[in-house]
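Note sheet for the following structure.
Every number in this text was worked out from the coordinates using simple rules, so none of it is lab data. The model shown is predicted, which means the values in this text are computed figures rather than measured ones. Note that we place each Cβ from the backbone using ideal geometry, even for glycine, and neighbour counts take in every protein chain shown.
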Ligand SMILES: [Zn+2]
Ligand SMILES: [Zn+2]
């Protein structure tokens, strides 16, 4: 198998973590994991009762990580030659891509990417990251994060925390709309 980022380099057999076989490039330190190897490892590492909504959205995470300089390079699957599909992972200050083959579903991580996914608690849920459901969950969480950040900038952290808490209480209360109407009346005057 050849490296997706260095087609002149053969991948060497190693491991991603204990119990997960990987094929690694000696030049870029990227790793290829076959779908079969990943699924076997995933069985004992993913919690089947976890829903998408309980996974971490990385947007507000400040992870100490410098993306590999090969991260932006498109690559071909070392197994079947398809172009790898890139999935953008947005962190607070940086973003990087993990890649997956649309044919054989093998996964490519550039140097260091697996460690970040692991830190975020996402390494056992990689296939989820390529779904529409995840994309819309992330979009909503990112919009909410931006809105909260902007609100905290205007009101200060103390008042904004109280506001978020109140909003949540009203949202969960069966007569919460009375509270919202009260606030609106106060501001109409
Ligand atoms: Zn390489
Ligand atoms: Zn493939």
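General observations
- Rounded tilt (10° steps) of 132-155 against the dominant C-alpha axis of the chain: 50
- Note on the range 145-189 and the range 121-136: Cα centroid distance 31 Å, given to the nearest whole angstrom.
- In terms of other Cβ atoms within 10 Å, 38, 70, 182 run from fewest to most in the order 182, 70, 38.
- Build a GNM of the chain with springs between Cα atoms under 10 Å apart, and of 152, 95, 74 the one that fluctuates most is 152.
- Calculated FRET value between residue 88 and residue 56, using beta carbons and R₀ = 22 Å, to 0.05: 0.90
- Largest mean-square fluctuation among 169, 122, 76, in a Gaussian network model of the chain whose springs join Cα atoms under 10 Å apart, belongs to 169.
- In percent, rounded to a whole number, the relative contact order of the range 12-136 is 26, using alpha-carbon pairs under 8 Å and six or more apart.
- The chain - mean residue ellipticity at 222 nm from DSSP helices (-39,500 (n - 2.57) per run, n ≥ 4, rounded to 500): -11500 deg cm²/dmol
- Remark: the range 121-189 projects, on average over all directions, an area of 7.0 nm² (convex hull of Cα atoms).
- Taking the range 34-48 and a reference point 7 angstrom along Cα→Cβ of residue 131, the backbone N atoms nearer than 19 Å belong to 35-36, 38-48.
- Residues 184, 1, 16, sorted so that the one with the fewest Cβ neighbours within 10 Å comes first: 184, 1, 16
- Principal-axis tilt of helix 157-172 within the chain, Cα atoms, nearest 10 degrees: 90
- Axis of helix 176-188 versus longest Cα principal axis of the chain: the two differ by about 60°, to the nearest ten degrees.
- Cα gyration tensor shape for the range 12-136, rounded if a/c is under 1.5, else prolate or oblate: rounded
- The order of 68, 10, 123, going from fewest to most other C-beta atoms within 10 Å of their C-beta, is 10, 68, 123.
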